[in-house]
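**Q** Have a look at this one before I ask anything.
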Amino acid sequence: MNKPILSARTLTKSYTQGTGELPILKGVSIDIQAGESLCIVGASGSGKSTLLHILGTLDRPDSGELYFEDRNLSALSDDELAQFRNSTMGFVFQFHHVLSEFTAIENIMLPARIAGISKDQARADAMRLLSHMGLESRANHFPNQLSGGELQRVAIGRALMRRPKILFADEPTGNLDSNNSQIIQDLFFQLKKDYGLTLVVVTHDQKFAEKFSRQMKLSDGHFST
Amino acid sequence: MNLTLFWIASRLLSSSQRKILTLTGWVSLLGLVLGVGSLVVSMAVISGFESTLKKSVADVAGHVNILKFSNEQITWQDLVEKIKKSDDLVEDGVPFISIEGVMAHKGKLSGVMMQGLDPASIQKVLNLSTRLVKGQFQIQGGEEPQALIGKGIAQHFGVNIGDQIRIVVPIASELEVNQFRRRLVKLKVAGILDLGKFEYDQRMIFTNIETVQQVSEIGAQYTGILLKLKDIDQARAFIPRLEKTLGNGYRIRDWKSVNEPLFEAVKIERVVIFFVIFVIILAASFNVASSLYINVVQRFSEIAILKSFGLSSKQLVRMLSLQSLVLGGIGCGLGVGVGVLLCFGFSWLQTEFGIIPGSVYKVDHIDIEIRFLDVFIIIVTTLLICYLASLAPAKKGARMTTVEGLRYE
């Protein structure tokens, strides 16, 4: 078996609730192989999103370790993690979080601009992504001129801007109608193929989940296969 | 990199409806504009007051005033030559005699200062000719001596060009030391001067030095010399050198010490006014910061998303500070604009309506002077305050975790 691209070791996480602690993850371990498509399913409140956030370095575990290839991510500072995320990971959320002050193409350009890539280069790359997603005619439209499905495609384009190795998605179709949901689902697998992505997705949608090469079910803070 | 942050910062300042700023932002910005505008105006007025005063004193009384007490028999020409040779800074000198008198005209009486000057050298030292508002710039002596009078005197006595004025001058009695005789001198008004300073306008009468020498029966004696220097600002440093050259028997003062308390008061006023009005800017800057704070809280999710794709906390702090500096910059720009407009308005008001009572403020007209250094200091301090005030919201944004922000949707 190949070396995993991302490896989590006995992750725990709890939240403070009132005076007590509410444990969410109780020692979760997982190895994610490069190029695989992994789907995390589970009931509401089972800790799927929390796990995704920790795997994506958006949150830190209370204990446990996270490795990207051979690099111990737990040891990195917040700013180092920000830089790491920018170059290695992409995120798509249930709500598109497309910034309303920027046009579609500018939203997609943002991660590249933050990384210090020139405006012209970023614009050219963003335009390629937009046309890949059939949105080239919408490049200069502001978010309030785009539909929900289009906005989610812009968010996906933004996540792919820095050519990440892993794409994380948290309920990416959870806020869309069935037609748009289907478009986005197909797009994910198309992009996975085109860009050689490792896909880690959290979803409630059983049909969507079945399309992944591996499904992991989270319940009571543990994985149950 | 900073350009990118500037791009994001300035874009995030606009609201989703593509308005340039939200209402809160506009209101806080307005405060900043008014604060900066007021400070620009007040500094321009104070600077103008100082310059008007300085120019008036320099034009009327020269850069350096030398009073001769010594009995040294030296003609004024020789004395001026001696001074000029001693220092390259000296441009020229004019002799003068000052005597107090009482002017009587059309049933009115008023104390005046009659200053006799050498008509040949007056223009080389004093800048009186540019202050002529009526008539001709002439002070010929002879049978019918001419005089130039302050506009205050002209107004008070209703005197016009060509009119004859009478001045009674007291002459100390050589026999009885406590007695004096009075001499009458008749002068023909050749010109009326706007001398800039209220007291000058109300009291000064310039005439030929020979006329005053004859009236006061002092022969070729003179009160002293007025000097013009190549650089007025070096006057104070020049005095000790001149004292060394001339020795005892002379009292030497520069243009500033002639009016020392007034210039000192202006200096203090400038500092006090700056700090008082700066409080407005301080309050406005914190208003800007508080609208930024609201912005940060309202945009938790946007900030979180920026962080999720790699914006570091340091970059975020820089970005939010940039937002504040952008607002501060806009506030300064508009404020300076408003200030300049108000200055023009003030100039127009004082020209049209004479809003400055000279008896109170020493001058009745201020040449508004917007100094680059004043504006520079105002802009730099305002931006500094805006930057410091932005640190709290910036730190708030940086402390916020990405996951926390994502939950805010």
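The values are calculated or read from the model by the stated rules, or taken from the named source; none is laboratory data. Just so you know, these numbers come straight off a predicted model, no measurement behind them. For neighbour counting, all protein chains shown are included, and Cβ atoms are generated from backbone atoms with ideal geometry for every residue, glycine included. For the accessible areas, the whole protein counts, side chains as well, though only heavy atoms, and no ligand, DNA or RNA atoms are used. Shrake-Rupley method; radii C 1.70, N 1.55, O 1.52, S 1.80 Å.
**Q** Based on this model, can you work out whether B:D233 counts as of a type in the set (D, E) and surrounded by 22 or more Cβ atoms within 10 Å (Cβ to Cβ)?
**A** No: the conditions fail for B:D233.
**Q** Which of the residues spanning the stretch B:275-288 are out of contact with any Leu (no Cβ under 6 Å at 6 or more places or on another chain) and either surrounded by fewer than 24 Cβ atoms within 10 Å (Cβ to Cβ) or within 12 Å of another protein chain (Cβ to nearest Cβ) (or both)?
**A** Within the stretch B:275-288, B:F275, B:V276, B:F278, B:V279, B:I280, B:L282, B:A283, B:F286, B:N287 qualify.
**Q** Determine if the stretch B:320-330 includes at least one residue that is without any contact (Cβ under 8 Å) to a residue 60 or more places away in the chain, of a type outside the set (V, I, T), assigned to a helix (DSSP H, G or I) and out of contact with any strand residue (DSSP E or B) (no Cβ under 6 Å at 6 or more places or on another chain).
**A** Yes: one or more hits.
Every residue, every condition in (1) closer than 22 Å to B:S10 by Cβ; (2) away from every other protein chain (no Cβ under 14 Å); (3) aliphatic (A, V, I, L, M); (4) crowded, with 24+ Cβ neighbours inside 10 Å, yes or no:
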| residue | (1), (2), (3), (4) |
| --- | --- |
| B:S301 | yes, no, no, no |
| B:Q323 | yes, no, no, yes |
| B:G329 | yes, yes, no, no |
| B:C343 | no, yes, no, no |
| B:T351 | no, yes, no, no |
| B:D364 | no, yes, no, no |
| B:I368 | no, yes, yes, no |
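**Q** Please work out if A:F189 is in a strand (DSSP E or B) and open to solvent by 20 Å² or more (accessible area, probe 1.4 Å).
**A** No.
**Q** Moving on. Quick check on B:L306: is it touching a residue at least 12 places away in the same chain (Cβ under 8 Å) and either on the phi > 0 side of the Ramachandran plot or open to solvent by 40 Å² or more (accessible area, probe 1.4 Å) (or both)?
**A** For B:L306, the condition - touching a residue at least 12 places away in the same chain (Cβ under 8 Å) and either on the phi > 0 side of the Ramachandran plot or open to solvent by 40 Å² or more (accessible area, probe 1.4 Å) (or both) - is not met.
**Q** Give me the helices (runs of 4 or more DSSP H) completely within the stretch B:60-162, filtered to those with at least 3 residues that are within 31 Å of the chain's Cα centre (by Cα) and free of Cβ contacts under 8 Å to residues at least 60 places away in the same chain, ordered by residue number.
**A** B:151-157
**Q** Say whether the condition of being open to solvent by 40 Å² or more (accessible area, probe 1.4 Å) and at pLDDT below 90 is met by at least one residue in the stretch A:99-113.
**A** No, the stretch A:99-113 has no match at all.
**Q** What pairs can you find where one residue is in the stretch A:66-93 and of a type in the set (S, T, Y), the other is part of a helix (DSSP H, G or I), and their Cβ atoms are less than 7 Å apart, with a gap of 6+ or different chains?
**A** From the stretch A:66-93, the pairs are A:Y67/A:L73.
**Q** Check whether at least one residue in the stretch B:40-60 is modelled with pLDDT under 90 and closer than 25 Å to B:S216 by Cα, and report yes or no.
**A** yes
**Q** Filter the stretch A:100-147 for residues that are among the β-branched types (V, I, T) and in contact (Cβ under 8 Å) with a residue 12 or more places away in the chain; which is nearest to B:K307 (Cα to Cα)?
**A** A:I114
**Q** Also, I was wondering about something else. Of all the helices (runs of 4 or more DSSP H) wholly in the stretch B:198-313, which have at least 2 residues that are among the charged types (D, E, K, R)?
**A** It comes to B:198-203, B:235-246, B:260-298, B:300-308.
**Q** I would also like to ask the following. Determine whether A:V41 is of a type in the set (A, V, I, L, M) and either open to solvent by 30 Å² or more (accessible area, probe 1.4 Å) or away from chain B (no Cβ under 13 Å) (or both).
**A** So A:V41 fits the description; yes.
**Q** How about the stretch B:380-409: which of its residues are of a type in the set (D, E, K, R) and touching a Phe, Trp or Tyr at 6+ places or on another chain (Cβ under 8 Å)?
**A** Scanning the stretch B:380-409 gives B:K396, B:E404, B:E409.
**Q** Here are the criteria: (1) part of a strand (DSSP E or B); (2) within 21 Å of the chain's Cα centre (by Cα); (3) not polar (S, T, N, Q). Tell me which single one A:L22 does not satisfy.
**A** That leaves (2) as the condition not met.
**Q** Restricting to the stretch B:254-273, and then to whatever is buried (at least 17 other Cβ atoms within 10 Å of the Cβ) and more than 14 Å from the chain's Cα centre (by Cα), can you tell me which residue is farthest from B:E199 (Cα to Cα)?
**A** The residue in question is B:D254.
**Q** I would also like to ask the following. Where residues in the stretch A:6-28 are surrounded by fewer than 11 Cβ atoms within 10 Å (Cβ to Cβ) and β-branched (V, I, T), which of them is farthest from A:L66 (Cα to Cα)?
**A** Among them, the one singled out is A:T19.
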